[in-house]
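What follows is a single structure, written as structure tokens, with notes after it.
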Amino acid sequence: MNTDTIDKLPDNLDPRDEHATLYPATGLAAIEVIGADSARFLQGQLTCDIQQISETQASIAAFCNAKGRVISTLLVIKKTNGYWLVMPTSLVTPVIEKLRKYVLRAAVTLGDASDRLSVAGLTIAAGHEFHSLPLPEKDWSVGHAPLTIVKLPGRRRFLILEKHDSAILTDLISRPETDWRYQDMLDGLPWFDASQSEQHLPQMLNIDGLGGISFTKGCYTGQEIVARSHYLGKVKRQLLVGGCAGELTIAPGTPVLDGDTGQTVGSVLSSAHDGDTRLLLVLHALEGESKRFILGDEHQTPLSLILAE
């Protein structure tokens, strides 16, 4: 099967669809990993089991440093001659630089695909099809005809990989990147920018809960610490979704405080707003009664915890 992107829809399909919304920008970009040793190479670097990834099944994963801290979260998609690694745009260059240090004599080529490949978002209303095309329905499942499209966990949201010069989907209703990032927050997807790189263990970002850590596949960079934390139960922080009233700009790394004691109990991983503000928070594991939280900013902004939708 040719799993590279195809740059046009079948001629008999009208691209207009009032039940679908396109997000031309998602804040994500792709690295291309190709070569005879690409699977073996990635197996030694990422937390997921590359052997379980197929043309129809992607996986979230983490790329860690030797201390088990996450350099970047990423989505691994198999293609005809290798893989795409989808991640926040600001992390593409540092991830390529760090991965290249491990290539050595392996038959692997790494490249930034941003100049020719877009990572767009698509939402489709419940109960509706998209031009009668088969859509992947299970979390992280992949379709390739005529688009490379990945089903995200939760609601009917999809990532689409398409060529920059493609005319696909251009007549759809479109929404800005901020709206897409807001939805990522609601679904608890742990994307973050370069300022938060190498700060957290994968379990703190719920990579294990999203199916992106294999504890049986063998060694990879940072594996010893990640596995030890898992088996000894030493991960004391967790990823939670928070909310603030109003459209606020909250810097990643902003402390989260116990509103009663003033003690720092975590930090902001990322944030986005769409009428109000949603944040991904890395907090000390909650025990007992719920606490009152505030942000450690100049306004001591009240913060509530919400369930990922």
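The values are calculated or read from the model by the stated rules, or taken from the named source; none is laboratory data. Bear in mind the structure is a predicted one, so any value in this text is a computation, not a measurement. Cβ: placed from backbone, ideal geometry, glycine included. Neighbour counts: every protein chain shown.
Annotations
- Residue within region 104-117 that is in contact with a Gly (Cβ under 7 Å, 6 or more places away or on another chain), assigned by TED's automatic domain parsing to the domain that holds Ala29 and over 28 Å from Leu201 (Cα atoms) present: yes
- Of the residues making up region 126-154, those that are loosely packed, with under 14 Cβ neighbours inside 10 Å and not hydroxyl-bearing (Ser, Thr, Tyr) are Ala126, Gly127, His128, Glu129, Pro134, Glu137, Lys138, Ala145.
- Within region 182-193, residues that are touching a residue at least 60 places away in the same chain (Cβ under 8 Å) sit with their Cβ atoms under 7 Å from residues that are assigned to a helix (DSSP H, G or I) and not β-branched (Val, Ile, Thr), at 6+ positions apart or across chains, in these pairs: Pro190/Leu205; Trp191/Asp184; Asp193/Ser90.
- Within the set Ser229, Ser267, the sole residue that is in contact with a Leu (Cβ under 9 Å, 6 or more places away or on another chain), among the small types (Gly, Ala, Ser) and within 19 Å of Ala61 (Cα to Cα) turns out to be Ser229.
- Hey, Leu210 surrounded by 15 or more Cβ atoms within 10 Å (Cβ to Cβ) and at pLDDT below 95 or not: no
- Subset of region 60-103 that is among the polar types (S, T, N, Q) and touching a Gly at 6+ places or on another chain (Cβ under 7 Å) - its residue that is surrounded by the most Cβ atoms within 10 Å (Cβ to Cβ): Thr89
- Residue within region 143-160 that is out of contact with any Ser or Thr (no Cβ under 8 Å at 6 or more places or on another chain), modelled with pLDDT of 90 or more and either more than 13 Å from Ala58 (Cβ to Cβ) or among the acidic types (Asp, Glu) (or both) present: no
- Residue check: Ser229 meets all listed conditions (1) over 23 Å from Thr277 (Cα atoms); (2) part of a helix (DSSP H, G or I); (3) out of contact with any strand residue (DSSP E or B) (no Cβ under 9 Å at 6 or more places or on another chain); (4) modelled with pLDDT of 95 or more but one, namely (4).
- Leading residue by the ranking (farthest from His200 (Cα to Cα)) among those in region 238-266 that are among the β-branched types (Val, Ile, Thr) and surrounded by 12 or more Cβ atoms within 10 Å (Cβ to Cβ): Ile250
- Scanning region 32-44 for residues that are surrounded by fewer than 23 Cβ atoms within 10 Å (Cβ to Cβ) and not in a helix (DSSP H, G or I) yields Glu32, Ile34, Gly35, Ala36, Asp37, Gly44.
- For region 159-167, the count of residues that are farther than 27 Å from Gly35 by Cβ, touching a residue at least 40 places away in the same chain (Cβ under 8 Å) and over 22 Å from the mean Cα position of the chain (by Cα) is at least one.
- Whichever residue in region 40-62 is farther than 13 Å from Cys219 by Cα and hydrophobic (A, V, I, L, M, F, W, C) and, among such residues, is nearest to the chain's Cα centre (by Cα): Ile60
- Filtered residue count, region 106-115, keeping only those that are loosely packed, with under 14 Cβ neighbours inside 10 Å and at pLDDT below 95: 1
- Taking the criterion of being hydroxyl-bearing (Ser, Thr, Tyr) and in a strand (DSSP E or B), the residues of region 104-134 that qualify are Thr109, Ser118, Thr123.
- Subset tally (residues that are buried (at least 18 other Cβ atoms within 10 Å of the Cβ) and either in contact with a Pro (Cβ under 9 Å, 6 or more places away or on another chain) or among the polar types (S, T, N, Q) (or both)) for region 45-57: 2
- No other residue among Thr261, Thr216 is among the β-branched types (Val, Ile, Thr) and either under 20 Å from Ser118 (Cβ atoms) or without any contact (Cβ under 8 Å) to a residue 24 or more places away in the chain (or both) apart from Thr261.
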